[in-house]
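Have a look at the structure below, then the notes.
The values are calculated or read from the model by the stated rules, or taken from the named source; none is laboratory data. Quick caveat, the model's predicted, so the values are computed rather than measured. In this analysis, Cβ positions are derived from the backbone assuming ideal geometry, glycine residues included, and neighbour counts consider all displayed protein chains. Note: accessible area is taken over every heavy atom of the protein model, side chains too, but ligands, DNA and RNA are not part of it. Shrake-Rupley method; radii C 1.70, N 1.55, O 1.52, S 1.80 Å.
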Amino acid sequence: MHQLAGIIELENWLQDLLQQGLATALTRPPAFWEEFAARMVNAKLSGIARRIRSFQNWLQSDNAHERLLSEIGELYLFAKAFQKLETLPADLQQEMLTTAGATIKKEIVFKQESIPGKWLVIGQSEGKEEDIRYRRTWLQGITTHKTALLLDFAWRFSPFEFNWKVGSLLQAEVAYYPAAYPQRALVKDFVIIYEPIDLAGYADWEVFFRQYADALAQNPWLLTFPGLLDGLTPVLPNEQLSLIDTNLAQLPIQTAEEIKWKILAIGGGHPMQIFGEWNGKSFTPLTVFTQSRIIPLLVPFSNGQNA
C-alpha cells in the first residue's frame with residue numbers, strides 16, 4: 001500500500017471510530033486494533049502502527065474515553081497535515097516522517113554539528129514492544145541545560161549495545177537527529193569524569209508545563225517531555241501519590257507501588273529534586289536527587305558495556 005493511501009485510510013478509520021461512538025471503540029477486541037495496525041505497517045507507517053497497538057494498554061483505565069478522544073484528535077491532525085507535507089517547513093517535514101516511522105541512519109546524525117560539554121546521565125526507563133526491548137536514556141547538559149534522548153533497542157534477551165549508568169557524568173559531544181523539536185541524539189565521543197554536580201531544575205509545575213506547551217507548539221506530535229523539578233514534596237492523600245511544588249500546586253502521580261513507597265521513603269516529607277517524563281497525560285518519576293546521591297527509581301536490565 002502506498003504511504004499516502006495509508007494516510008487517507010487512517011483518516012477514514014478515525015472518522016469511523018467517532019461516528020460509531022467512543023463507547024463502541026472501547027469494547028473492541030485486541031484483534032480490531034492489531035488488524036488496523038498491521039495495515040499501517042503495510043503502508044510504511046510503522047510509527048502510527050505502534051501508537052495504535054499501544055491503545056490496548058489503557059483502554060480499560062478510568063480515563064479511557066478522554067484518552068481515546070485525545071489520541072484520535074492527534075492522529076487526525078497528523079493525517080491532515082501529512083497530506084500537505086510538501087508545504088511544511090523542512091524540519092517539521094522530518095518530524096512528521098519520523099512520527100510516521102521513517103528512520104535516519106546514524107551516519108547522517110554523526111555528520112550533524114555536535115554540542116560539546118558536560119552531560120549527566122539523568123534518567124532511564126525500559127519497555128517492550130512485541131519481541132523488541134527498548135531503553136530510553138536521558139542526558140542533561142550541565143551548562144547548556146539541554147536534554148538529549150538516547151534510544152537503544154535489543155531483540156528479545158539480547159544485550160543492549162551499551163549500558164548507560166544513571167548518575168554518570170560525561171565529557172561528551174552530542175549530535176541531535178534532525179527534527180522540529182530536537183530530542184533524540186547520539187553520543188559521538190565521551191569520557192567519564194568525576195566532579196560535584198549542581199543542577200537547577202524547573203521552579204514549579206507551572207514553569208514546567210509552560211515549557212512543555214512551547215515544545216508542543218514546535219512539534220504537535222511530541223510523545224514525551226522530560227524535566228527536572230526543584231522543591232517537590234511527595235504526599236499520599238487517600239493512597240494517591242502526589243507531588244506538591246513550592247507554590248502548593250500538586251500533581252497526582254501514577255506509578256508502581258514499589259516506586260511510590262520508594263519516593264515517599266527518600267523524601268521523608270521534605271522537598272527534593274525529581275526528574276521524570278511527561279507524556280501529555282501523566283508524569284512518570286525516573287530519578288530522585290538528594291544532597292549526596294542520585295537515585296534511579298527504575299532498575300533497568302543491565303548489560304553491554306558500562307558508562
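Quick look at the values:
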{"quantity": "Odd one out for Ile132, checked against (1) open to solvent by 20 Å² or more (accessible area, probe 1.4 Å); (2) touching an Asp or Glu at 6+ places or on another chain (Cβ under 9 Å)", "calculated": "(2)"}
{"quantity": "Tally, over segment 78-101, of residues that are among the hydrophobic types (A, V, I, L, M, F, W, C), out of contact with any Phe, Trp or Tyr (no Cβ under 8 Å at 6 or more places or on another chain) and part of a helix (DSSP H, G or I)", "calculated": "7"}
{"quantity": "Breaking point among (1) open to solvent by 60 Å² or more (accessible area, probe 1.4 Å); (2) of a type in the set (A, V, I, L, M); (3) over 23 Å from the mean Cα position of the chain (by Cα); (4) on the phi < 0 side of the Ramachandran plot, for Val235", "calculated": "(1)"}
{"quantity": "Subset tally (residues that are without any contact (Cβ under 8 Å) to a residue 40 or more places away in the chain, closer than 13 Å to Phe110 by Cβ and open to solvent by less than 20 Å² (accessible area, probe 1.4 Å)) for segment 144-189", "calculated": "0"}
{"quantity": "Residue, nearest to Thr99 (Cα to Cα), within segment 31-62, restricted to residues that are part of a helix (DSSP H, G or I) and of a type in the set (Gly, Ala, Ser)", "calculated": "Gly47"}
{"quantity": "Residues satisfying the stated conditions in segment 142-169, i.e. under 14 Å from Gln124 (Cβ atoms), assigned to a strand (DSSP E or B) and modelled with pLDDT of 95 or more", "calculated": "Thr147, Ala148, Leu149, Leu150"}
{"quantity": "Candidate set from segment 249-283 (those that are within 22 Å of Lys128 (Cβ to Cβ), open to solvent by 50 Å² or more (accessible area, probe 1.4 Å) and within 20 Å of the chain's Cα centre (by Cα)); member that is modelled with the lowest pLDDT", "calculated": "Gln254"}
{"quantity": "Selected residue (criterion: modelled with the lowest pLDDT) from residues of segment 284-298 that are of a type in the set (S, T, N, Q) and part of a loop (DSSP other than H, G, I, E, B)", "calculated": "Ser292"}
{"quantity": "Matching residues in segment 56-88 - criterion: being open to solvent by 50 Å² or more (accessible area, probe 1.4 Å), free of Cβ contacts under 8 Å to residues at least 40 places away in the same chain and either within 17 Å of Thr24 (Cβ to Cβ) or of a type in the set (Ser, Thr, Tyr) (or both)", "calculated": "Gln56, Gln60, Glu66, Thr87"}
{"quantity": "Some residue of segment 18-27 being surrounded by 12 or more Cβ atoms within 10 Å (Cβ to Cβ), over 30 Å from Ala185 (Cβ atoms) and out of contact with any helix residue (DSSP H, G or I) (no Cβ under 8 Å at 6 or more places or on another chain)", "calculated": "no"}
{"quantity": "Subset of segment 170-188 (residues that are in a strand (DSSP E or B) and either under 22 Å from Asp131 (Cα atoms) or at pLDDT 95 or above (or both))", "calculated": "Leu170, Gln171, Ala172, Glu173, Val174, Ala175, Tyr176, Arg184, Ala185, Leu186, Val187"}
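A quick yes/no check of all residues on (1) aromatic (Phe, Trp, Tyr); (2) closer than 21 Å to Pro178 by Cα:
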{"site": "Trp33", "(1), (2)": "yes, no"}
{"site": "Phe36", "(1), (2)": "yes, no"}
{"site": "Phe55", "(1), (2)": "yes, no"}
{"site": "Arg67", "(1), (2)": "no, no"}
{"site": "Gly73", "(1), (2)": "no, no"}
{"site": "Phe82", "(1), (2)": "yes, yes"}
{"site": "Pro89", "(1), (2)": "no, yes"}
{"site": "Thr98", "(1), (2)": "no, yes"}
